[in-house]
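What follows is a set of notes on a single structure, which appears directly below.
The values are calculated or read from the model by the stated rules, or taken from the named source; none is laboratory data. All values derive from a computational prediction rather than experimental measurement. Reconstructed Cβ throughout: ideal geometry from the backbone, glycine too, with neighbour counts over all protein chains shown.
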Amino acid sequence: MALLGGAASSLQAQAGEAVVDLMHQGEFARQEEIMRRSGAAGEEEITIRDAVHHMDEDTDLLLSFDDGRADVQGAYQLISFQGYLQKDLHALGNGAVVFLDSSAGMVLEPRQGSMFQPGTYLGAFSIEFWFYSGAPREGGEVLAWQGSSWIGTEPLFQKILVSLQDRRLTWNLENFFVRGEIGDQTDGFTGLPVVLRQRRELIPRTWSHHLLRYNPDRSVLEYLVNGVPESVVHVTDTGDQTGTPFNPYVGELSEPAVRIGQYLNGAVDEFRISRTWREPDQSRTGDLERGRLIYRPLDLYYPGARVQGAQVEGRTPGATEIRTYFFLSDYLEDPGFSDPRWQLLDVQGGLKEVSEDPRPAYRGRFLYTMVELLPDGVRENKPGLRSLSVEYRTDPVPPAPQGVRVSNTEDGVLLEWNPVLRGNPEGYMVFFGTGPDTYFDQNPRRVEQGNQALIQGLQPGRVYYFRVGSYNYSNNPQRGAHIPLELSSEVHIRAEG
């Protein structure tokens, strides 16, 4: 989970009903398993993050090409790179690399401890990648490596070549599997040619996952496309499980270079080499249950603001869902995903009946919004949020009281005014002092019932000046509201003893 909290997003709110476009005006405070990307029509959408690969103890090399970078993770060093990093074209994550048939691709040098370090015997291994075919060029290479060893005084040449042949990928592992002792003067040390071919043609402009994996316990080498076996070979002298096994070996005289994308016309994503038998990675969403985000609080300016409803636009293929939650508060906070105040918005019918609820979560100055993106049982289906607008209502402050009258009585100075009938007033504040408009540093008198106030304890013979203001939920000073009261015209009187 990433925490990106900060100040509230500003909004010039007006009293009454209004709509705010969070998709374009809002910023994230928290996010979990989501990403932004371009939709089918080119518009931006928020969706569940793809289950990209991560380094683990079995990973020898990982190239994800995310965020427009050709970062190399693992025991390899990037020597040269000729390719085009693309954010709009990817199988997983948010980036891939595009190679053209005239480019030399990328060259990686194996370092100490890598699988392709010269003189290394291997156990279980897997080589996998996502491939997007353009107009296929015969012979274009997804992966190429060359090695060599000795048979007595004669070299044993080795290679691994994954290339396009007849609109299919072919794996040619020449003498990569060997048996016997290195340098044996007889035929005791020898290599085995192994070829595995894709049975079905590649679909142009479509991503497909390719996995070659080897199990030394069964001497099985298996090639899968999108999780479906295309070719299986027993790496033995008889070609079945009863024969003498050959073992993978990186010759001691091997070229210190692994090449990817040479003369290839297509794109590659999530290229990974592992020291284990990997399971197929055919799902674009992996095991994610949901993606979630919380927008930074939106300052609606009026503490009494109420949410009326929401409009959500996006993709919900299959049984996927987009759920929107909110709550309101008069305070600037940093709520988490499990905060009990989150209220589910009915994006179909709005919340007009709920918006009158007096509970604190339904009224406040700051709007907090959370979105959940839920996949379904078909793991390739992912919802995409394209537009989110929240409708809210703010109460205008009550108008200034009219008809203010002041008189002396036996008990003190009596102030009266006409009741305010608009703006849902909750009470009145009476300000007074000994000079015109110079009384605001004095403690005002609060009147919660009625439309008059008796002011006692004034100094006889002195002139006092008065104004009256009314307040509602939005500008109640007791809630710390910063919206000023609308004040009446000033009246004055000389206090009597």
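A few remarks follow.
- Restricting region 424-445 to residues that are part of a strand (DSSP E or B) and over 30 Å from Tyr392 (Cα atoms), the residue that is farthest from the chain's Cα centre (by Cα): Gly433
- On the stretch given as region 4-57, residues that are in contact with a strand residue (DSSP E or B) (Cβ under 6 Å, 6 or more places away or on another chain), under 30 Å from Asp71 (Cβ atoms) and at pLDDT below 65 total 3.
- Residue within region 287-298 that is farther than 25 Å from Ser387 by Cβ and either at pLDDT below 95 or assigned by TED's automatic domain parsing to the domain that holds Arg36 (or both) present: yes
- Scanning region 301-326 for residues that are within 14 Å of Asp21 (Cα to Cα), out of contact with any Lys or Arg (no Cβ under 6 Å at 6 or more places or on another chain) and surrounded by fewer than 17 Cβ atoms within 10 Å (Cβ to Cβ) returns a single hit, Gln311.
- Inter-residue pairs, beta-carbon under 9 Å, first touching a residue at least 12 places away in the same chain (Cβ under 8 Å) and in region 55-76, second among the basic types (Lys, Arg) and part of a strand (DSSP E or B), 6+ apart: Thr59/Arg272; Asp60/Arg272; Leu61/Arg272; Leu62/Arg272; Leu63/Arg272; Ser64/Arg272; Gly74/Arg272
- Residues (touching a Lys or Arg at 6+ places or on another chain (Cβ under 8 Å) and either modelled with pLDDT under 90 or of a type outside the set (Lys, Arg) (or both)) located in region 450-463: Ala453, Ile455, Gly461, Val463
- Among residues of region 370-396, those that are in contact with a Phe, Trp or Tyr (Cβ under 7 Å, 6 or more places away or on another chain) and in a loop (DSSP other than H, G, I, E, B), counted: 1
- Set Gln158, Gln86, Gln117, Gln112: member being within 25 Å of Asp50 (Cβ to Cβ) and assigned by TED's automatic domain parsing to the domain that holds Arg205: Gln86
- Taken over region 112-163, the criterion of being in contact with a Pro (Cβ under 8 Å, 6 or more places away or on another chain), surrounded by fewer than 18 Cβ atoms within 10 Å (Cβ to Cβ) and of a type in the set (Phe, Trp, Tyr) is satisfied by Tyr121 alone.
- The one condition in (1) surrounded by fewer than 20 Cβ atoms within 10 Å (Cβ to Cβ); (2) farther than 14 Å from Trp277 by Cα that Gln198 fails to fulfil: (1)
- Odd one out for Leu421 among (1) part of a loop (DSSP other than H, G, I, E, B); (2) touching a helix residue (DSSP H, G or I) at 6+ places or on another chain (Cβ under 9 Å); (3) among the hydrophobic types (A, V, I, L, M, F, W, C): (2)
- Members of region 64-82 found to be small (Gly, Ala, Ser) and over 19 Å from Thr206 (Cα atoms), listed by number: Gly68, Ala70, Gly74, Ala75, Ser80
- Region 226-242, residues that are out of contact with any strand residue (DSSP E or B) (no Cβ under 6 Å at 6 or more places or on another chain) and either closer than 20 Å to Leu161 by Cβ or β-branched (Val, Ile, Thr) (or both): Val228, Thr238, Thr242
- Scope region 362-390; condition closer than 28 Å to Val420 by Cα and either of a type in the set (Lys, Arg) or surrounded by fewer than 21 Cβ atoms within 10 Å (Cβ to Cβ) (or both); matching residues: Tyr362, Arg363, Arg365
- Matching residues in region 90-138 - criterion: being more than 27 Å from Asn215 (Cα to Cα), small (Gly, Ala, Ser) and assigned to a strand (DSSP E or B): Ala96, Gly105, Ser133
- Looking only at region 459-470, residues that are farther than 14 Å from Trp417 by Cβ and either in contact with a Leu (Cβ under 6 Å, 6 or more places away or on another chain) or not in a loop (DSSP other than H, G, I, E, B) (or both) come to 3 in all.
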